[in-house]
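What follows is one structure encoded as structure tokens, with my remarks underneath.
The values are calculated or read from the model by the stated rules, or taken from the named source; none is laboratory data. Fair warning: this is a prediction, and the values are worked out from it, not measured in the lab. FYI the Cβ positions are ideal-geometry reconstructions off the backbone, even for glycines, and counts take in every protein chain you see. To get the accessible areas, we keep the full protein, side chains included, count just its heavy atoms, and leave off ligands, DNA and RNA. Shrake-Rupley method; radii C 1.70, N 1.55, O 1.52, S 1.80 Å.
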Amino acid sequence: MDYTKLENIYSFVSVSTVEVGKHLYWTIGSYKVHGQVFIVSWLVMITLIAIALIGTRQLNKVPEKWQNFMEFILEFLQDIAKNQIGEHEYRSWVPYIATIFLFILGSNWAGALIPWKLIHLPEGELAAPTNDINTTVALSLLTSIAYFYAGLSKNGLGYFMRYIEPTPILLPINILEDFTKPLSLSFRLFGNILADELVVSVFTLLVPIFIPLPVMILGLFASSIQALIFSTLSAAYIGEAMEGHGDH
């Protein structure tokens, strides 16, 4: 038996493993948090703030270069909010929808474009914040709080009439819907981003660097679509909550 060959095979298998579920834990008070998520999240936020500051540093009546790009992004995000919430109510929700979209897009692209595996941590590895279920659940709960706030601020206690419309028989289903909305939002985003990163990791480890490029490009497209889906559904839930249930 050729032990050298066995050692080579063992080394290859060890390198080719993709570990999921290991984290760099930071202790804050009596809580443990995922340090790698905080690191990449802060990098994404700093990058977004820097782009925003550069793009709005010198505003002109006739936009050019960065200002033109920033106005295009703003109009795109305004259209998402306007189409889902309605022309009369959407303006106050543009900051929230825009923040959700840009943070998820930045996080997804950070995971797809930056070779985080080159940076070694004591435990776990750096990756897109959105491939951590805690991040996606937190974003989904923010949307849940937002649409409850939107419904109550617009319709008062009349908002709760939606639970017994069109018939009180649907009360359990309408209550269950409030649990399934954040669940579907969080698991859809988490599952897609995690699966994409695993596929790219496996391809990169098994084949030469140029072969995974089409998969990486497809991953960028899918990451953008996931950000669009999450922000659009968030706006749709807010718009649905603001419908005039209290007028019936």
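Looking at segment 34-46, which of its residues are aliphatic (A, V, I, L, M), surrounded by fewer than 20 Cβ atoms within 10 Å (Cβ to Cβ) and at pLDDT 90 or above? Working first, answer last.
As a first pass, look at segment 34-46 and keep what is aliphatic (A, V, I, L, M): 37, 39-40, 43-46.
Subset that is surrounded by fewer than 20 Cβ atoms within 10 Å (Cβ to Cβ): 39, 43, 45-46.
Selection gives Leu43, Met45, Ile46.
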Residue check for Ile49: in contact with a Ser or Thr (Cβ under 7 Å, 6 or more places away or on another chain), at pLDDT 90 or above and either exposed (fewer than 15 other Cβ atoms within 10 Å of the Cβ) or assigned to a helix (DSSP H, G or I) (or both)
no
Of all residues in segment 53-85 being over 19 Å from the mean Cα position of the chain (by Cα) and open to solvent by less than 50 Å² (accessible area, probe 1.4 Å), which is modelled with the lowest pLDDT?
Pro63
So which of Arg188, Arg162 ends up being assigned to a helix (DSSP H, G or I), within 12 Å of the chain's Cα centre (by Cα), under 30 Å from Glu87 (Cα atoms) and among the charged types (D, E, K, R)?
Arg188
Output for segment 89-113, where each listed residue is out of contact with any helix residue (DSSP H, G or I) (no Cβ under 6 Å at 6 or more places or on another chain) and either among the acidic types (Asp, Glu) or open to solvent by less than 40 Å² (accessible area, probe 1.4 Å) (or both):
Glu89, Phe103
Show the residue pairs that are 6+ apart or on different chains and have beta-carbon atoms under 7 Å apart, the first residue being within segment 180-195 and in contact (Cβ under 8 Å) with a residue 24 or more places away in the chain and over 9 Å from Asn131 (Cα atoms), the second being open to solvent by less than 50 Å² (accessible area, probe 1.4 Å) and among the aromatic types (Phe, Trp, Tyr).
Lys181/Tyr237; Leu185/Phe230
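Residue-by-condition table, conditions (1) within 23 Å of Phe230 (Cα to Cα); (2) surrounded by fewer than 14 Cβ atoms within 10 Å (Cβ to Cβ); (3) of a type in the set (Val, Ile, Thr); (4) modelled with pLDDT of 85 or more:
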{"site": "Glu165", "(1), (2), (3), (4)": "no, yes, no, no"}
{"site": "Thr180", "(1), (2), (3), (4)": "yes, yes, yes, yes"}
{"site": "Arg188", "(1), (2), (3), (4)": "yes, no, no, yes"}
{"site": "Val202", "(1), (2), (3), (4)": "no, no, yes, no"}
Answer with yes or no whether Lys154 is modelled with pLDDT of 85 or more, among the basic types (Lys, Arg) and in contact with a helix residue (DSSP H, G or I) (Cβ under 8 Å, 6 or more places away or on another chain).
no
For the structure I just gave you, tell me whether Gly106 is modelled with pLDDT of 85 or more, within 16 Å of Glu197 (Cβ to Cβ) and among the small types (Gly, Ala, Ser).
yes
Which members of segment 123-147 meet the condition of being free of Cβ contacts under 8 Å to residues at least 60 places away in the same chain and aliphatic (A, V, I, L, M)?
Ile133, Val137, Ala138, Leu141, Leu142, Ile145
Need the failing condition index for Met242 against (1) under 29 Å from Lys82 (Cα atoms); (2) surrounded by fewer than 19 Cβ atoms within 10 Å (Cβ to Cβ), just the number.
(2)
Six or more apart or on different chains, Cβ atoms under 6 Å: show the pairs whose first residue is in segment 58-72 and within 17 Å of Thr99 (Cα to Cα) and whose second is assigned to a loop (DSSP other than H, G, I, E, B).
Glu71/Pro63
Filtered residues of segment 86-100 (kept if assigned to a helix (DSSP H, G or I) and over 20 Å from the mean Cα position of the chain (by Cα)):
Tyr90, Arg91, Ser92
